[in-house]
Every structure is written in C-alpha cells, then in structure tokens.
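Structure first, then comments.
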Amino acid sequence: MRTPWSAGTVDFDGSSCEIMGIVNLTPDSFFDGGKHDEPKAAFDHARSLVDAGARILDLGAASSRPGFEPVPVEEELRRLLPALELIAPMALERGVVLSVDTTSAEVARRAVERGVRIVNDVACLRADPEMERTAVELSKEFGAAIVLNHPGSAESSNDMPSLAASLVRRAEELEARGVERSRVLLDPGIGFGKTAEENYDLLAALDSLCATGYPVLVGVSRKSLFGKTPGLENSDRLVPSVAVHLLSACAGAGVVRVHDVAATREALDVLAMFERRTSVRSPFFRER
C-alpha cells in the first residue's frame with residue numbers, strides 16, 4: 001500500500017499512483033518550452049492532460065533544466081498568474097489539484113492564494129530564505145502539501161540511504177513547525193546534480209524511500225538520463241519514461257510527474273489490474 005497523503009481538502013488514499021501532468025509556462029524548458037507559454041495555450045494543454053487522466057497539474061513558470069538562467073520573480077509571476085486564472089476554475093470543476101513548481105516564496109504564496117494546493121520546490125525550500133517559513137504558513141493556513149526534492153550535487157552523498165535520511169530530516173523539521181505529516185512528499189530528485197549511474201542506483205532502491213512512511217513523488221519524464229543509457233541514445237524517451245514511472249509505482253511511489261499523461265495512464269491501468277489480483281505489491285523488486 002502506498003502512503004496516503006493530502007493536499008488542501010483532497011485526500012489521496014494510496015490505493016493508486018496518481019499522475020501529475022506537467023504544464024510548462026516557460027519559453028526554455030528542456031522538452032516543451034515555448035509550446036504552452038501563452039495563457040490560452042496553457043489552458044488548452046492543461047485541459048487535455050486532465051482529459052487524459054491527470055489528477056494533478058504542476059504549473060511551472062521558471063525553468064529548472066540543466067544550465068537554466070534564473071528569472072526575476074516578477075517575470076515568473078507574469079508567466080504564471082494569467083494561465084492560473086484560466087486553469088484554476090477548470091481544475092476546481094474537474095476535481096483536479098493544482099501544484100506550483102517554484103523556488104520562490106512570493107510565487108508560492110500568490111499561487112496558493114489563487115487555488116494551488118501543492119508547493120513543489122526543486123531546491124528543497126533552500127533557494128529562497130523566505131521559502132521554508134512561507135511554505136509552512138501556506139500548509140497550515142490552506143492545507144498546502146509540500147514536495148521536498150533532493151537537489152543533489154557533486155559534494156553530496158547521492159546514495160539512497162544518505163538521500164532518504166536527508167529528506168526525512170527535512171520533513172521532520174517541517175512537522176516540528178506544525179506541518180501535518182500527510183502533507184509532506186519526498187522526491188529523490190532524479191536528474192538533479194546526479195550522474196546517470198547514481199540516478200539508476202536511486203531508482204533501483206526506490207522502495208526503501210517509499211518505506212519511510214512519507215508519500216514519494218518521482219519525475220523522470222523525457223530526462224537526459226535516458227540519452228545517457230546505452231542503446232537509448234537516439235530514443236525520443238517516451239517509452240523509457242513510461243517504463244520507469246511504472247516501475248516507480250510498483251516500488252510504492254504515490255505520484256509520478258509526467259509530460260505524457262495518456263501513455264502513463266494506460267500503463268498504470270494495467271498495473272492496477274495486476275495489483276487487484278495479487279497480495280504481492282511489487283513483484284519487480286527483490287526483498288531488501
């Protein structure tokens with residue numbers, strides 16, 4: 001059983017792995033930058049992701065791709081708020097939870113005040129000195145969930161025991177400040193400051209992160225990891241992305257963050273058929 005969690009007034013019981021569809025509002029994101037950076041195009045894309053099976057939408061207005069250039073908060077808000085104004089009513093009507101992908105406390109606050117209920121910070125709340133305090137306040141006031149992403153670095157220990165311990169410590173710090181445990185998600189940060197080998201080592205040990213008692217989010221969609229995998233150098237990365245997200249769900253991940261919602265939904269629907277027919281949650285992972 002995956003760990004149950006909550007965002008706003010929505011409770012996820014852990015019976016299935018949820019799909020978080022990606023809505024990039026930037027001109028320079030690595031996969032689909034510039035395709036949906038106008039509000040109407042963003043709305044149409046968001047609606048298509050919901051139609052395809054996304055229960056969560058992650059809106060990002062500042063790229064975090066390798067080598068990205070930071071943008072001023074004012075520019076991030078200029079990209080985000082008009083699209084959010086269109087998307088939020090549709091999401092409410094369809095029962096979809098909105099997430100904001102940002103490292104800015106101001107952007108997180110403005111988004112949550114307009115209906116977003118997940119703060120997804122790839123810097124683990126450390127890039128902005130006001131982010132941790134703001135995220136705690138937003139969680140206590142609005143029930144916002146907080147995603148703690150392990151950013152990784154050449155100096156950090158990118159093995160699973162060290163990574164899990166680091167994320168759990170951060171989660172416990174938030175709990176000590178009044179955030180409910182069910183509103184903290186852990187993300188191993190695949191592709192962030194890690195080599196291809198480290199990424200695969202982490203994914204192979206993902207079940208141990210899922211065993212910490214916190215819900216786990218995994219995002220590998222179309223990432224350069226696959227371009228560094230022997231035999232996949234010329235892949236469009238769709239099938240590898242779906243495969244890893246499926247295996248992540250088998251390991252106990254509660255959320256997968258994806259570009260390709262329809263293909264991922266089909267894979268997870270097949271997994272659900274298996275899970276209903278066996279008491280073994282994950283036949284793909286050995287006992288540890």
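The values are calculated or read from the model by the stated rules, or taken from the named source; none is laboratory data. If you're wondering where the values come from, they're calculated on a predicted model, not measured in any experiment. Please note: Cβ atoms are built from the backbone with ideal geometry, for glycine as well, and neighbour counts cover all protein chains shown.
Structure data summary
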{"quantity": "Search result, residues across region 176-200 that are surrounded by 15 or more Cβ atoms within 10 Å (Cβ to Cβ) and in a helix (DSSP H, G or I)", "calculated": "Arg181, Ser182, Arg183, Ala196, Glu198, Asn199, Tyr200"}
{"quantity": "Tally, over region 1-37, of residues that are out of contact with any helix residue (DSSP H, G or I) (no Cβ under 8 Å at 6 or more places or on another chain) and at pLDDT below 95", "calculated": "12"}
{"quantity": "Top-ranked residue in region 162-220 [being at pLDDT below 95 and aromatic (Phe, Trp, Tyr); ranked as nearest to the chain's Cα centre (by Cα)]", "calculated": "Phe192"}
{"quantity": "Residues of region 216-252 classified as surrounded by fewer than 20 Cβ atoms within 10 Å (Cβ to Cβ) and β-branched (Val, Ile, Thr), total", "calculated": "2"}
{"quantity": "Ala88 being under 18 Å from Val10 (Cα atoms) and under 18 Å from the mean Cα position of the chain (by Cα)", "calculated": "no"}
